[in-house]
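I have placed the structure first, in the form of structure tokens, so that the comments after it can refer back to it.
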Amino acid sequence: MSRRRSGYHPLESTHAPRWLVVRSMHGTVLEARRLGDGEHLQRVFVAEILRRIDAGWRVGEFSSAAAMFFCEKESERCVVSIDSTHPLEEQAYGAAHLAGAPVNPQPRPAATRRR
């Protein structure tokens, strides 16, 4: 039985907002740039890979299906991606916003043992 692939392609041109985002391996946003409406996202993706290579970065794994690639230079390693959400806004996942749950709930304190 063959699996169906979804119709979504993250590098397909769209008029929806997109951002080129560079994050550290800890998820910290290092750079973010809003891309123009209708911009050719495949071209932006390849141009960014080439720009990094020209700047002395070594490009590692990459995925056009996920619109992201990893690169490293000396001891710094980062991930570059094209995102459909603003990189500096907190994102609510699933149906959390429907229940009025906090976006980033505070962890519960560890239970103390009684002896």
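Looking at this structure, is Ala67 at pLDDT below 70 and surrounded by 14 or more Cβ atoms within 10 Å (Cβ to Cβ)? Considered against the rule, which asks whether it is at pLDDT below 70 and surrounded by 14 or more Cβ atoms within 10 Å (Cβ to Cβ), Ala67 comes out as no. Is it true that Glu61 is surrounded by 13 or more Cβ atoms within 10 Å (Cβ to Cβ), more than 14 Å from the chain's Cα centre (by Cα) and under 21 Å from Pro87 (Cβ atoms)? When the stated conditions are applied, Glu61 does not pass them. Mind listing whichever residues of region 6-26 are farther than 15 Å from Thr85 by Cβ and surrounded by 11 or more Cβ atoms within 10 Å (Cβ to Cβ)? Across region 6-26, the qualifying residues are His9, Leu11, Glu12, Ser13, Val22, Ser24, Met25.
When region 35-58 is filtered for residues that are among the basic types (Lys, Arg) and more than 16 Å from His9 (Cβ to Cβ), the ones remaining, listed by number, are Arg51, Arg52, Arg58.
Being of a type in the set (D, E, K, R) and modelled with pLDDT under 95 holds for only one residue in Asp54, Asp83, and it is Asp83. Considering Glu12, Glu61, Glu48, Glu72, the condition of being of a type in the set (Asp, Glu) and either in a helix (DSSP H, G or I) or within 22 Å of Leu88 (Cβ to Cβ) (or both) is satisfied by Glu48 alone. For region 75-92, filtering for residues that are surrounded by fewer than 12 Cβ atoms within 10 Å (Cβ to Cβ) and either among the aliphatic types (A, V, I, L, M) or outside any loop (DSSP other than H, G, I, E, B) (or both) leaves 2. Name the pairs: first residue in region 48-63 and without any contact (Cβ under 8 Å) to a residue 60 or more places away in the chain, second residue in a helix (DSSP H, G or I) and surrounded by 15 or more Cβ atoms within 10 Å (Cβ to Cβ), Cβ to Cβ under 8 Å, at least 6 apart or on different chains? Qualifying pairs under 8 Å: Val59/Ile49; Val59/Arg52; Phe62/Ile49.
Here the condition is being more than 16 Å from Ser24 (Cβ to Cβ), over 14 Å from the mean Cα position of the chain (by Cα) and crowded, with 18+ Cβ neighbours inside 10 Å; of Glu48, Glu39, it holds for Glu48 alone.
The values are calculated or read from the model by the stated rules, or taken from the named source; none is laboratory data. None of the values given here were measured: they were computed from a predicted structure. With ideal geometry, Cβ positions are generated from the backbone for all residues, glycine too; neighbour counts draw on all protein chains shown.
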